[in-house]
Amino acid sequence: MMFSNEDIKNAIKTGELSIEPYTENLLKGSGLSLHLGETLLKPLAEGIVDVKNNLLPEYQEIKITMDKPYSLIPGDFVLGHTYQKVTVGAKLGFLIEGRSTLARVGLTIVQTAMMVNPGHKQRSITLEFANHGPNTILLYPKMRIARAAIFELKTPSSIDYDQNGKFKDQITVGKAIFRDEFLEE
């Protein structure tokens, strides 16, 4: 069952969901809005990504400000993060998606990684920005960038993401990590 604004308020009151900083103007009828943090990571085009041999790109860290936004040109890809820190309890599912207004100009904020697992505690959510449109899109810190849908799990999760998840140590935006990528025989 997907949560309404009232269900979300109740989950925040009980501590099953935490959004910091939180104000009620983040609430929508069936979800909540999230904003962009100030750090971006741009993968450098210098080599090959090889899952088997754990070869990953280097990243350029970019800080954005209201006076110095990032120009996401057509075809560009960067990682970012939510301004809000999020905690998702064992009873909840949490899906993040782009905003319709920004999608209509070509911006995607998740390529495939839209689920935030139960047990994600007091951390930003990494976003995967790609510009599929014909125009440059300026990215500013604290701009409304995403929305989240929250739903109740039929049974609470017995797996706490922050106990063994590969991105559990990320503070803001997280780089790619290869671990357990192949089926063990």
Problem set entry | Label point 7 Å beyond Cα of Met143 along Cβ direction - residues of the stretch 24-46 with amide nitrogen under 11 Å | 36
Problem set entry | Dipole of the chain, positive direction: furthest Cα of Gly119, Val173, Met1, with charges on the beta-carbon | Met1
Problem set entry | Net lengthening on full extension, Phe77/Arg99 (0.36 nm per residue, minus Cα-Cα) | 6.2 nm
Problem set entry | the stretch 56-123, relative contact order [Cα under 8 Å, separation at least 6], % | 36
Exercise. Residues of the stretch 1-44 with amide nitrogen under 16 Å from the 7 Å Cα-to-Cβ point of Met66?
Worked result: 36-38
Seminar exercise, completed: Which of [x] 1.06; [y] 1.27; [z] 1.16 is the computed Cα Rg over 2.2 N^0.38 Å? It is [x]
For this session: Counting only C-alpha contacts under 8 Å and six or more residues apart, can you give the relative contact order of the chain as a whole percent?
Result: 29
For this session: For each pair in Lys28/Lys121; Lys42/Lys63; Lys42/Lys68; Lys63/Lys121; Lys9/Lys91, compute the distance between the two Cα atoms and list the pairs where it is over 20 Å.
Result: Lys28/Lys121; Lys63/Lys121
Exercise. Hey, can you rank 115-127, 10-22, 40-52 by average C-beta count inside 10 Å, highest first?
Worked result: 115-127, 10-22, 40-52
For this session: Could you work out how far the C-alpha centroid of the stretch 103-118 sits from that of the stretch 71-97, in angstrom?
Result: 7
Problem set entry | Size of charge dipole - the chain - debye, nearest 20, with Cβ of Lys, Arg +1 and Asp, Glu -1, no other charges | 600
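FYI, it's all coordinate maths here, none of it is from the lab. Everything numeric in this text was worked out from a predicted model, so none of it was measured. Because the Cβ atoms are built from the backbone with ideal geometry, glycine has one as well, and the counts that use them run over all protein chains shown.
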